[in-house]
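So the structure is just underneath, and the comments pick up after that.
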Amino acid sequence: MSRGWIVRTTVRVYPAHVRDAKGDEFVGTLLDASEDSAVAFIKELASLVVAGLLSRSRDALSSPVNQVVSDLVRWGAVIAIGRVMVGAIVTEASWGGALGGPETIWAAYIAPALILIAFISHHDKAAGITGLSWCVTEFVVYPQLSLNGWIATLLLPLIGCGVMIFVPRHEPDRGRIAIAIPLLAFAYFVLNEVALVSNPPSGVGFMLPVLVAPLFVPFKPACALGTTLAWLFLAASFLAVPGDHFTLVRAQMFGFAAMVFGLAVFARLALARE
């Protein structure tokens, strides 16, 4: 593995517009440092990585507020729908049983997969239209859900899919493949959710979705806040559940969600003061 390849790969830490303007300069500086000593090269490489991450964070956190809100609603809606799919997959793998009829298969597996594919490939309108059809199917398949259940399951997808259809994003939202990480966290959450029937949650598995969200705040705030928004609607579904130990559950869920939103606000304000 040549140092030239390492340098050119490392420069990709910077946003595209910075690479276009100064990429060659960064490469030249690092290659010059590599001629002096390995220690100097490693030091300059580390400095480049830190500066690149800060630059990318600055770009991510300086988006207009209306764009941030629009993006977090899009991400939140797709994560909420994807959560249903990963929950169905995990439950099926853990407990077995029949997949259900055509409506159930569409609502639990096919539609969420199509929505995820369309969202990741930046076809927001297609994702939104498919998402609205998913909402209709959910209403038909599960008419017995309480009002609390409808709010937790459908309200965010309805809003987010409407935004994707009627408020198109003018610039590509890069890095949408990152949505796989909160979905995997929600899959692990499902494994721990079963214990809530009779016991308070224990360990980090139950809180994993909202624990991974802060990792995205500096570089992909829409993913962090979208994950947390989906989490908040899930937390709302526990408001009407009886049982003293659910007081702790609710406090944890809303408390960690507030922490993520607070962290995002703090990061944006800190950036504004630079």
Check your understanding: From the list Ala80, Ala33, which residue is touching a helix residue (DSSP H, G or I) at 6+ places or on another chain (Cβ under 9 Å), modelled with pLDDT under 75 and either of a type in the set (A, V, I, L, M) or outside any helix (DSSP H, G or I) (or both)?
Key -> Ala33
Point to revise | Single match in Val13, Val69 (criterion: without any contact (Cβ under 8 Å) to a residue 60 or more places away in the chain, closer than 30 Å to Ala187 by Cα and not in a helix (DSSP H, G or I)) | key: Val13
Point to revise | Set Ala93, Ala98, Ala113: member being at pLDDT 95 or above, over 15 Å from Cys161 (Cβ atoms) and surrounded by fewer than 15 Cβ atoms within 10 Å (Cβ to Cβ) | key: Ala113
Review point. Looking at region 146-159, is at least one residue over 16 Å from Pro112 (Cα atoms), in the same structural domain as Ala230 (by TED's automatic domain parsing), at pLDDT below 90 and in a loop (DSSP other than H, G, I, E, B)?
Key: yes
Practice item. State whether one or more residues within region 169-177 are closer than 17 Å to Ala230 by Cα, of a type outside the set (A, V, I, L, M, F, W, C) and in the same structural domain as Ile79 (by TED's automatic domain parsing). Key: yes
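The values are calculated or read from the model by the stated rules, or taken from the named source; none is laboratory data. Being a predicted model, the structure only gives us computed values, none of them experimental. No Cβ is skipped: glycine too gets one built from the backbone with ideal geometry, and neighbour counts run over all protein chains shown.
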